[in-house]
Amino acid sequence: RRSHIVIYITDWKQWYQRRVRGSNKVVERVGELLDAQNGRFAEVLTSRRLLNLSTALYETANAAAGPDDGKLKESLNCLRSEFSGDPLIDSVTSALTSTLSSPLPSFHTLSEQLKELEPRCRRVALVTDSDCGMGSHVASVAMATLTFRDDDYDTKPEDGGCATFYHLSKAQSEMRANNLDMAARHINQMEGEPRSIVTDWLRDARALLELQQSANVLLSYAKLLNHT
């Protein structure tokens, strides 16, 4: 009878141990699922944070009143500190840091500045690097005085038109269409004395374009991560 009791106890212990092992496996599996869920939740929160920061940067970069220097630097600092291990974010934010070394003008400000610079450029329209003598200056003033300003000046330099007049006209047309990129491309083709007059304008336009394009890259990247 004692042997029967020993066998019973042994069988019960083995059964209990199997149940414990099975329960432990269930607990381990549940723990793994919870860890995976927590990891996914953390990824979602991180992606959402990136989207919020990138959206704020994009909206500030494209603000009608011009980029707010303080808000831009705050967004960049957050992006660099919170996402320092991301190669794309590191590359874009590092490039923008140098761009924001000085305050950037708004699109409206650039548009008004170009209007103010245009008469100065027209008065030296024929003064090039290879022909910068007194004759070119006199001819430029005479042409600017005798030629009516034409917003639709469309005679290309290769067709005998004045390069300065042509590119200024095209740039102004692009600015009216809110296309700073194309306006800057035309201004970039100006040469000689007119080019020196618009150098600072072109620098500021390029800086604003770089900021807006970089902000757009970051926003697109953040949106992509939020949909994966």
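The values are calculated or read from the model by the stated rules, or taken from the named source; none is laboratory data. Quick caveat: nothing in here was measured; it's all calculated off a predicted structure. With ideal geometry, Cβ positions are generated from the backbone for all residues, glycine too; neighbour counts draw on all protein chains shown. To get the accessible areas, we keep the full protein, side chains included, count just its heavy atoms, and leave off ligands, DNA and RNA. Shrake-Rupley method; radii C 1.70, N 1.55, O 1.52, S 1.80 Å.
Remarks
- The listed residues are 62, 38, and the only one of them that is at pLDDT 85 or above and either open to solvent by less than 90 Å² (accessible area, probe 1.4 Å) or at negative phi (or both) turns out to be 62.
- Taken over the range 205-223, the criterion of being open to solvent by 30 Å² or more (accessible area, probe 1.4 Å), more than 8 Å from the chain's Cα centre (by Cα) and more than 12 Å from residue 54 (Cα to Cα) is satisfied by 206 alone.
- Test for residue 191: is it over 20 Å from residue 99 (Cα atoms), open to solvent by 20 Å² or more (accessible area, probe 1.4 Å) and touching a helix residue (DSSP H, G or I) at 6+ places or on another chain (Cβ under 8 Å): yes
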